[in-house]
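Below you'll find the structure, written out as structure tokens, and then a few comments.
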Amino acid sequence: MPPLAFEGLQALQQADLQLDALRAEAEHIEDALADHGEIDEARRTLARLTATHEHAHGALRDAELALASVTDQVEQKSKLLYSGTVVSSRELEALQADIDQLMQQRATREESALQAMVAAEEAEAARDEQQDRLDALTTSFAAKQEEGGARLQELATEIPLREREREALLSQNDPVLLATYNSLRARVGGRVLVAVSQGRCTFCHITLPDTLLRQTQHSEKVVFCDSCGRMLFAPR
């Protein structure tokens, strides 16, 4: 019997590899469009930063109110001190002592208000930066959805077409080769029919024994690589 002819099987494998690539592309696009993780995380971060800003803004408001209160007290007691209505030296000394104490409180509250203002500004900047990031992510994802959706529509047409082309190739193959090919492909997937070149398997690149090389050239039976287990053929 003549050596087995692998031309039809090569065409079938090429069709299968193309289908694998198209299906993998469709799956990758679907997974990408279903993945909202980065946007969801950005929204959670924005919510945290917004809460931090609101807290910082509230702390600033409280610090400003406290500063305004002690400043008002200083002004009132200063007016009383210089109004001339208080003439007793003891009362004047007590009033001055109150003013000095209030001035110390005001200095402390000014520092607190300054720190609260800096914290509020930093919190606002962080919130605004995160909002910009979320907006950019949302815009990018919308573009990805549009592009990916269009590609999925193309693949929805192309994949069935390729499947019909594959079906047409089945009748062009030797039944024995076809059965072996399908069985092996179901187990290992991908490229299962590989050529021999320069005495090596072109898939795993192992050097083949001379007896195996002769079998690929003259045998009427399917020959397998001892290393990767794939079907071998000698190109003509």
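The values are calculated or read from the model by the stated rules, or taken from the named source; none is laboratory data. Nothing here was measured: the structure is a model prediction, and the numbers come from that model. Here the Cβ is made from the backbone with ideal geometry for all residues, glycine too, and neighbour counts use every protein chain on show.
Quick one: in the stretch 68-104, which of the residues that are of a type in the set (Ser, Thr, Tyr) and part of a loop (DSSP other than H, G, I, E, B) is nearest to Leu114 (Cα to Cα)?
Among them, the one singled out is Tyr82.
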Q: Output yes when any residue across the stretch 46-56 is in the same structural domain as Met103 (by TED's automatic domain parsing), in contact (Cβ under 8 Å) with a residue 24 or more places away in the chain and of a type in the set (S, T, N, Q), and no when none is.
A: yes
(Q) Can you say whether Glu163 is of a type in the set (D, E, K, R), assigned to a helix (DSSP H, G or I) and in contact (Cβ under 8 Å) with a residue 12 or more places away in the chain, as far as the supplied structure shows? (A) yes
Q. Checking Gln172 against (1) at pLDDT below 95; (2) of a type outside the set (A, V, I, L, M); (3) crowded, with 16+ Cβ neighbours inside 10 Å, which single condition isn't satisfied?
A. (3)
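I'd like the full set of residues that are aliphatic (A, V, I, L, M) and either at positive phi or assigned to a loop (DSSP other than H, G, I, E, B) (or both), limited to the stretch 190-236.
Going through the stretch 190-236, the residues aliphatic (A, V, I, L, M) turn out to be 192-196, 206, 208, 212-213, 222-223, 231-232, 234.
Of everything in the stretch 190-236, those that are aliphatic (A, V, I, L, M) and either at positive phi or assigned to a loop (DSSP other than H, G, I, E, B) (or both) turn out to be Val192, Ile206, Leu208, Val222, Ala234.
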Q) Could we say that Arg23 is under 22 Å from the mean Cα position of the chain (by Cα) and in contact (Cβ under 8 Å) with a residue 24 or more places away in the chain here? A) yes
(Q) Could you list, ordered by first residue, the pairs with Cβ atoms under 8 Å in which the first is in the stretch 137-157 and closer than 19 Å to Glu41 by Cα and the second is of a type in the set (Asp, Glu) and modelled with pLDDT of 95 or more, at least 6 apart or interchain? (A) Leu137/Glu38
